[in-house]
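Down below is the structure, laid out as structure tokens.
The values are calculated or read from the model by the stated rules, or taken from the named source; none is laboratory data. Bear in mind the structure is a predicted one, so any value in this text is a computation, not a measurement. Cβ placement follows ideal geometry from the backbone for every residue including glycine, while neighbour counts extend to all protein chains displayed. Surface areas here come from the heavy atoms of the whole protein model, side chains and all, with no ligands, DNA or RNA. Shrake-Rupley method; radii C 1.70, N 1.55, O 1.52, S 1.80 Å.
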Amino acid sequence: MSYSIAVKSIIITPAAGSPGCFMAGYGWVQRINTGEVARDLRAQCAVLYDSGRPHILVRIDITGLPGPVHDQIRNQVVAENLVAKSADFIIASSHTHSGPALGDHPDVEIVYDLSDAERDEVDTYANTFVDQIMALIRSTAAAPPTPVTLSYANASVSI
């Protein structure tokens, strides 16, 4: 077996006042990005090739990924033949409470007390977010991979 990998990272911090300014993870309190950023939010992608077959791993700084947003990304990855099958794709979130609200789970109207117009902004940002993540995945898959050697060890220690 031969292995190679391509890795990329992007900043996904929503700008203050953008549709992504509603911060998730603070139930029953509406928190809005005011532009003060202590640490940028990132999305990272690794495409690991196992004998030429791609496996895609994505890690994102968000509270959680609602099912419909996850499905939209996964379905595009599969439809664009970036992986051979759906099982070759993984998304993980860092569970930061400083990330944007995405989609409707949990229900942003109930949890964050958003108006219909603000809820539309969250939906708009969710689409922008999917576009950002898909652009990252595509660019990583198009990048030239670097050959790597994968290994592991098993050990024990007692004190």
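Observations, loosely collected:
- Between VAL47, VAL58, VAL29, VAL37, the distinction of being at pLDDT 95 or above and within 26 Å of GLU121 (Cβ to Cβ) belongs to VAL58 only.
- Scan of the stretch 114-134 for residues that are at pLDDT 95 or above and open to solvent by 50 Å² or more (accessible area, probe 1.4 Å), ordered by number: ASP131, GLN132
- Residue list for the stretch 46-81, restricted to those being in contact with a Lys or Arg (Cβ under 8 Å, 6 or more places away or on another chain) and more than 22 Å from ILE11 (Cβ to Cβ): VAL78, GLU80
- Residues of the stretch 1-15 that turn out to be open to solvent by less than 80 Å² (accessible area, probe 1.4 Å), in a loop (DSSP other than H, G, I, E, B) and touching a Ser or Thr at 6+ places or on another chain (Cβ under 7 Å), as a count: 1
- Pair list, Cβ < 7 Å and 6+ apart or interchain, from the stretch 19-43 residues that are more than 21 Å from ALA92 (Cα to Cα) to residues that are open to solvent by 80 Å² or more (accessible area, probe 1.4 Å) and at pLDDT 70 or above: GLN30/ASP113
- Complete set of residues in the stretch 45-67 that are surrounded by fewer than 18 Cβ atoms within 10 Å (Cβ to Cβ), in contact with a helix residue (DSSP H, G or I) (Cβ under 8 Å, 6 or more places away or on another chain) and touching a residue at least 40 places away in the same chain (Cβ under 8 Å): ALA46
- Of all positions in the stretch 84-105, at least one carries a residue that is out of contact with any Lys or Arg (no Cβ under 9 Å at 6 or more places or on another chain), loosely packed, with under 12 Cβ neighbours inside 10 Å and of a type in the set (Lys, Arg).
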